[in-house]
Each structure stands twice: as C-alpha cells, then as structure tokens.
Amino acid sequence: MRSYYRLCLMERETIGMLYHSGVGICEIGRRLHRSASTISREIKRNKAGFYYVPVTADNKARRRCYRHPRKLFKDKHLRRIVLNGLRKQWSPAQISAKLKIEHPNEETLRVCAETIYTYLYVLPRGSLRKALLSHLRQHQKTRRPRSRGNDRRGQIPDMISIEERPVEVAERIIPGHWEGDLIQGAHHQSALGTLVERTTRTVLLVRLKGQDAQTVRKAFARKLRTVPKQMKLSLTYDQGKEMSEHRLFTEKTKMQVYFAHPRSPWERGTNENTNGLIRQYFPKGTDFNQVSAYEIRKAQDRLNGRPRKVLNWKTPFEAFNELLQ
C-alpha cells in the first residue's frame, strides 16, 4: 500500500469537475485512486458555501497547513542538529538515521527524512533557502515529484482502459473473455505466460523465450490458435510493457485488449488466483528456461483437470467443453 500524500491542485480540479457533474464520492475516489473518506473530508473542509472551488480549496488547505508550525520550526534544538548535519553534506536520510543512533532514548529528537525535505523545499524562503539547498547532493531548486509507483518511461500507446470493457465481461455473462499475466522466474531472468478464461477458469500456460513485447505477443497469439473462435473475445491485462504490441495482438487474434489500472490486481482476480495455483507446480525461484514444454503442458492439464468449487466441482475442462457443445 502506498504512503499518503496531500491532494494537489490538479486533483482538486478533477474533484470539482466530477462533484458538480453529480458523480458520487466513491466514484471520484476510485478515479483518483483515493479513499472515499479522503474525498468526502476534502469537500467538507474546503467548500465555499454550497460550491467546491478547486483554487479556493487549495488555498484554504495551504493556509490550514501553515497554521500548525512544522516540527523543525517549533524545536530549535532539533533544527540546529539538522542544519549542522546538512552543512556536513549529509542527506536527510542520514541525518534521520544518525539521530536515532545517537539519541536512542530521546523521542523528541526524531525527525524523518521527508520532514527535512519539506522544511527545505516548502517553508524556507530567500537566501536561507538557497543556502540550505546548496548542501544537498543534487542542489535541486525545486522538489522533483515522487514516482508514487508510476513508471516514468512512458505509457503503453493506445491503451483501452478496463473502464471501457463491456459490463457482461465483469459479470461473466458471456464466456470467451480472458485475463493474462507473466509469472517471473528466478532473478527475473525468465518468465511463464498465463492466460485464464474468466467463466470456466480454463488455463493456458505459455512457454516464453523472452519477455520483450514481440516475443510475448507472438507466443500468446500462437497459444490461442488452439482456442475456438467463439471463445476468443477479449483479454484483460495489467500495464506491463510486454503487452505494448497489443494492437498487433488484436489484429492477429481479433481479441480486444483492455488494461487494468496500475496496482489494481483485484481487477484481474481470476488470473491472480490462478497464478497462486500455478506456483504449486512452479515455486518461486524456478528458472523457466530450464523447464521443458512437456512439464508446462503437464501442469496445464492438471490445473484444468482439478475440480473447482466455483464451478460446482466441475473441472475447467468439463465447463469449457459444455459451453462448446
């Protein structure tokens, strides 16, 4: 779970637009990947009368923040220790760790690295700020945004979000919709492709010679040739770069690819659960380059031949064949 960080102006603008469009609190939170309580609290605290104005809300939040002095402003002794550390060219993380070691029984002499960064980048002004920032290793004048778990190398082109996936896929009304993923081998040097049909839980295990987009696309498409046309409607995948050639995959298989939100494994719950079952046959640390095609096929057959409670104790093979007949 990611650590909390304050709402920014861009998020507040999104909240204002959705809130005044009649979108519910829970839905706003889902779209912003925030809890509903965070959105509700933000609107109640920072509304101007009956309206939520993003810029006004942002200013109110900032003023509220400044009304409560930061730890390094309140505690002169702690501030002096931190500044001395900075003048020695110590990083905020080094200062924080050293305080715990040198003052193990003094709870008042505790400050996390993030608090020091906040003091340096947000509160000081003028020559004081310039002098303090000069002691940091990279001398950045402004704080670089943290990744918050996002990949900065760019997004997969022309992604179609899971939000655009038809309702019948989520409700498993129509068979033929699949979920896909890679199971990583030892030291991430090898991988096994997994495809799971959402309705029957039928599993296809895909042997891979590499993890690049072209290799994965061709291997998945080749494996799906064995599946009847009426059972190949869509594929839901995470935002792994190995699926960046999804347009070519769709062209070859006629299966539309939908991408789940980042860090949202529950949106591909069938696949995630199946990956856990697969680990019974290929534990963590397995080098898939050393696993034969026969062993992979054997594990696939055993998975598809296991009775499943969700299928009223039918096997995925039986459920799949019933639908075909």
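The values are calculated or read from the model by the stated rules, or taken from the named source; none is laboratory data. The structure displayed is predicted, hence computed values, not measured ones. Counting neighbours? That spans all protein chains shown, and the Cβs are built from the backbone with ideal geometry, glycine included.
Matching residues to (1) assigned to a loop (DSSP other than H, G, I, E, B); (2) charged (D, E, K, R); (3) not assigned by TED's automatic domain parsing to the domain that holds Tyr281:
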{"residue": "Val169", "(1), (2), (3)": "no, no, no"}
{"residue": "Arg172", "(1), (2), (3)": "yes, yes, no"}
{"residue": "Pro175", "(1), (2), (3)": "yes, no, no"}
{"residue": "Thr200", "(1), (2), (3)": "yes, no, no"}
{"residue": "Leu204", "(1), (2), (3)": "no, no, no"}
{"residue": "Thr215", "(1), (2), (3)": "no, no, no"}
{"residue": "Ala221", "(1), (2), (3)": "no, no, no"}
{"residue": "Glu242", "(1), (2), (3)": "no, yes, no"}
{"residue": "Glu251", "(1), (2), (3)": "no, yes, no"}
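Taking segment 277-325 on its own, how many of its residues are of a type in the set (A, V, I, L, M) and assigned to a loop (DSSP other than H, G, I, E, B)?
Our first condition is that a residue be of a type in the set (A, V, I, L, M); within segment 277-325, this holds for 277-278, 291, 293, 296, 299, 303, 310-311, 319, 323-324.
Keeping just the survivors that are assigned to a loop (DSSP other than H, G, I, E, B) gives 291.
Number satisfying all stated conditions: 1.
Among the residues making up segment 270-298, those that are closer than 21 Å to Leu235 by Cα and in contact (Cβ under 8 Å) with a residue 24 or more places away in the chain are Thr270, Asn271, Glu272, Thr274, Asn275, Leu277, Ile278. The residue of segment 156-167 that is surrounded by the most Cβ atoms within 10 Å (Cβ to Cβ), among those that are assigned to a loop (DSSP other than H, G, I, E, B) and among the charged types (D, E, K, R), is Arg165. Annotation: Arg201 fulfils all but one of (1) touching a residue at least 24 places away in the same chain (Cβ under 8 Å); (2) surrounded by fewer than 20 Cβ atoms within 10 Å (Cβ to Cβ); (3) basic (Lys, Arg); the unmet one is (2).
The rows are residues; the columns are (1) exposed (fewer than 14 other Cβ atoms within 10 Å of the Cβ); (2) under 17 Å from Gly193 (Cβ atoms); (3) within 14 Å of the chain's Cα centre (by Cα).
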position	(1), (2), (3)
Arg268	no, yes, yes
Arg279	yes, yes, no
Phe282	no, yes, no
Asp287	yes, yes, no
Ser292	yes, yes, no
Arg297	yes, yes, no
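On inspection, Ala61 passes the criterion of being closer than 30 Å to Pro262 by Cβ and crowded, with 16+ Cβ neighbours inside 10 Å. Residues in segment 311-320 include none that are touching a residue at least 12 places away in the same chain (Cβ under 8 Å), more than 14 Å from Thr202 (Cα to Cα) and either surrounded by fewer than 15 Cβ atoms within 10 Å (Cβ to Cβ) or basic (Lys, Arg) (or both). Within the set Leu128, Leu109, the sole residue that is assigned by TED's automatic domain parsing to the domain that holds Asn84 and modelled with pLDDT under 85 turns out to be Leu128. Among the residues of segment 198-248, the ones that are aromatic (Phe, Trp, Tyr) and farther than 27 Å from Gln290 by Cα come to 0 in all. Listed conditions (1) more than 22 Å from the chain's Cα centre (by Cα); (2) part of a helix (DSSP H, G or I) are all met by Glu272, apart from (1).
Within segment 214-230, one or more residues are under 28 Å from the mean Cα position of the chain (by Cα), buried (at least 18 other Cβ atoms within 10 Å of the Cβ), modelled with pLDDT of 95 or more and under 22 Å from Glu168 (Cα atoms).
State which residue is surrounded by the most Cβ atoms within 10 Å (Cβ to Cβ) when the search covers only segment 187-198 and only residues that are over 17 Å from Ala299 (Cβ atoms) and out of contact with any His (no Cβ under 9 Å at 6 or more places or on another chain). Applying the filter and picking the extreme gives Gln189. Summed over segment 9-36, residues that are farther than 11 Å from Tyr52 by Cβ and either assigned to a loop (DSSP other than H, G, I, E, B) or among the small types (Gly, Ala, Ser) (or both) total 9.
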